[in-house]
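Heads up, the thing below is written out as structure tokens.
Where a number appears in this text, it was derived from the coordinates with a stated rule and is not lab data. Because the structure is a prediction, the values reported are computed rather than measured. No Cβ is skipped: glycine too gets one built from the backbone with ideal geometry, and neighbour counts run over all protein chains shown.
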Amino acid sequence: MATFVLVPGFWLGAWAWREVTAGLRGRGHEVYPLTLTGLADRAHLAGPEVTLETHTRDISTLLDAEDLRDVLLVGHSGGGLPATQAAERMPERIARLVYLESGPLPDGMAQFDTNPPEEQERLRRLIGDGHLLPPPTWEPDQDPGNLAGLDDTALALLRARSTPQPLRTATDPLRRADRLPVPVALIACTFPVEVAREMIDQGHPFFAGPAGADLHGLPTGHWPMLSEPAGLVDTLDVIARDSPR
């Protein structure tokens, strides 16, 4: 069976992986859901000194401390950036890098840059002189595509437990080589897998360099660990069984 390290996206902690963690462990896998510095139960550590490098070290430190090898490193959304950097530094520990509603951005691009200019400006006005990126309002009528599949219980959980994101983890540029040093899988949820394949073929910056990636579709919203946990467990289990170890 496989060893998973689950890296949450913005505003979330290890708590968001609870059902997925239980499902994967029920199939015999070893699972390490991670809370990154400054979020969830580690929100008291949030500060302007928390950077993308901090979150990269969170992952690499876990790999070292637990002596994890042949890892399926899963990065959800913005968690894909520190996962990319960690895989660059410790490729000998990684069996496969799995992008969940994420992708390998090009060197020098930040997660913040994936927003349209007008959204970047709105967010900067909202942040002001602060160092935290507030979570969304989690209102389905304002973001129906990304919030698709989330029931009232999941939405209430997100409103209660999401925490502001340390800003520099969003604005610091990714540092990576042109070619990823480990095998890659992508799980697309908010758009068809065929669209992801076209974007890769066209060299879209959201998917910079994963030629030959193992692509999987899981039709749901942007937070599949909450909207479609059973389907996500199935997909990760398939990826694990197909990964070299």
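Cβ under 14 Å from Asp178's Cβ, Asp178 left aside: what net charge do those residues give with Lys, Arg +1 and Asp, Glu -1?
Values: positive: Arg175, Arg176, Arg179; negative: Glu88, Asp107.
So the surrounding residues net to +1.
Near the amide H of Leu186, within less than 5 Å, lie the amide hydrogens of Tyr99, Asp214, Leu215, His216, all on another chain or at least 5 residues away, with H placed in the peptide plane. In the list (1) 17.8, 58; (2) 16.6, 47; (3) 17.4, 53, the label attached to Rg and Dmax of the Cα atoms in Å as derived from the coordinates here is (2).
What does the charge count around Val238 come to, taking other residues whose C-beta lies under 13 Å from its C-beta (Lys +1, Arg +1, Asp -1, Glu -1)? Could you put the intermediate results ahead of the total?
Working: positive: Arg27, Arg96, Arg241; negative: Asp214, Asp234, Asp237, Asp242.
Result for the local shell: -1.
Using DSSP, restrict attention to beta bridges with both residues in the chain and report what percent are antiparallel, rounded to the nearest 5. Each step should come with its number before you reach the end.
Values: 2 of 25 bridges.
Beta bridges within the chain, antiparallel portion: roughly 10 percent.
In which sequence would Trp223, Trp15, Trp138 go, from the one with the fewest C-beta neighbours within 10 Å to the one with the most?
Least crowded to most crowded, the residues run Trp15, Trp138, Trp223.
Judged by the mean number of other Cβ atoms found within 10 Å, the most tightly packed of the peptides 57-65, 150-158 leads the ranking 57-65, 150-158. Please report the spacing between the Cα centers of segment 140-163 and segment 58-76 in Å, no decimals. Between the Cα centre of segment 140-163 and that of segment 58-76, the gap is 28 Å. For segment 5-76, GluC sites (Glu not before Pro) are listed when DSSP marks them as loop and at most 14 other Cβ atoms sit within 10 Å of their Cβ; the list is Glu49, Glu66. For a Förster distance of 30 Å, can you work out the FRET efficiency between the beta-carbons of His131 and Asp214, rounded to the nearest 0.05? So the FRET efficiency works out to roughly 0.20.
Rounded to whole numbers, the Karplus 3J(HN,Hα) couplings from phi for segment 76-88 are 8, 6, x, x, x, 6, x, 5, 4, 5, 5, 5, 4 Hz, using 6.51 cos²θ - 1.76 cosθ + 1.60 with θ = phi - 60°, and x at Gly and Pro.
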